[in-house]
Amino acid sequence: MDVDKTLDCIGLYCPMPIVKTAQAINSLEPGQVLEVLADDPGIKSDMPAWAGKTGNEFLGFEEEGGEIKVFVRKGGG
Amino acid sequence: MAEQEKMTLIVFSGDLDKALAAFNLANTGASMGMQVDMFFTFWGLSVIEKGGLERGKKSPMQYMMGLMNRGGAGRRKLSKMNMAGMGTHTMKGLMKRFRMPSLEESIALAKEQGVHFLACTTSMAIMGLQEKDFIDGVDDFVGAATYLGLATDAKVNLFI
C-alpha cells in the first residue's frame, strides 16, 4: 500500500495511539494514507471506531508478530 | 460532517485512578471530534486545584479540611491499595514504564485538545475555594443547571 506518512505508536497504550493519530492526520491532504505502527491490540477495534466518527476511512491492518500496521485514508475533499 | 457530537463527564471523585479514567475518555472523545465538557464537583475539584496552602477566604474548619485533603493533580491517590502512598508511587512508576501519560500530562493534553473544564460553584463554596485556587485551564464556574443543559444535548454523559 502507498503510504504518505507513518506514525510510530509502538509501546503506547490507549488512548495515546488514537490521540496521536488525530493529530497526525491534520498534516495530511484528503485522500492521503496514514500508516500507524502499534502493538496495543486495542487499536484493531479502536481505529475503525475512530475513523467512523471522524469522517476518515479505515483501510485495514496487517499484523506480524506483535506489531500491527493500521492504515487510514484521510477523508474530506 | 454531521453536527458535532458531544460528551460530558462529571468528575466527582478526587481519586487518581478515577481521574485518569475520566481524562482518558475525555481525551479520546476530543480526538474523535467530540465537544467534551468536564464538570468537576465535590472531591473532583481537587484534581484541578492548584493545591496551595493560602488561607484565602476559608473558615478554620474549611482550612483544616483543605489541609487534610490537599488539592492538586500531583497529590491524588489511588482509590485502592494506596498503602500510605506506596501503592500510588508504584502505580505511577508502572505508568511511566509503560509510557502512559501522568494525570498532569493528561490534563495538559485535554486543554490542548480543547476540552472544557467547568468547576461547580456549590462545592467551591462548601470547601471555601475561590476561582484563583484553580489551574488556568478552567473555562467557567457554574452550577448544576449549566451541566444539565450540556448533558441533555450530549449522547455520552458519565459520572466518575
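Computed from the coordinates by the stated procedures, all read-outs in this text should not be read as laboratory data. Every value quoted in this text rests on a predicted model; they were computed, and no experiment measured them. Counting neighbours? That spans all protein chains shown, and the Cβs are built from the backbone with ideal geometry, glycine included.
So here's what we get for this one:
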| read-out | value |
| --- | --- |
| Extreme residue, positive dipole direction of the protein assembly as shown, given options B:69, B:21, B:122 (C-beta unit charges) | B:69 |
| Most to least packed among A:34-44, A:55-65, B:41-51 [average Cβ atoms within 10 Å] | B:41-51, A:34-44, A:55-65 |
| C-alpha long axis of helix A:16-25 to longest principal axis of chain A, angle in ° | 30 |
| Relative contact order for chain B, counting Cα pairs under 8 Å that sit 6 or more residues apart, in percent | 37 |
| Sequence ranges B:85-94, B:124-133, ranked by mean other-Cβ count within 10 angstrom, highest first | B:124-133, B:85-94 |
| Chain B: equivalent-ellipsoid semi-axes (sqrt of 5 x gyration tensor eigenvalues, Cα, Å) | 25, 22, 12 |
| Cα centroid separation, chain A to the range B:82-135 (Å) | 28 |
| Mean separation of Cα contacts under 8 Å (6+ apart) over length of the range B:51-111, as relative contact order % | 24 |
| Ordering of B:100-106, B:78-84, A:4-10 by burial proxy (mean other Cβ atoms within 10 Å per residue, highest first) | B:100-106, A:4-10, B:78-84 |
| Residue-averaged beta-carbon neighbours from other chains (10 angstrom radius) around A:9-16 | 5 |
| Calculated FRET efficiency for the pair residue B:99/residue A:1, C-beta based, R₀ 25 Å, to 0.05 | 0.35 |
| Equivalent ellipsoid, chain A (semi-axes from 5 times Cα gyration tensor eigenvalues, Å) | 18, 13, 11 |
| Members of B:50/B:111; B:58/B:132; B:6/B:77 lying beyond 18 Å, as alpha-carbon distances in this model show | B:6/B:77 |
| Residues with amide H under 5 Å from that of residue B:134, placed H, sequence gap 5 or more | B:50 |
| DSSP bridge pairs, the range B:1-154: antiparallel proportion in percent, nearest 5 | 5 |
| Listed residues B:30, B:145, B:22, most fluctuating in chain B (Gaussian network, C-alpha, under 10 Å) | B:145 |
| Peptide-level mean, for A:45-54, of C-beta atoms on other protein chains within 10 Å | 2 |
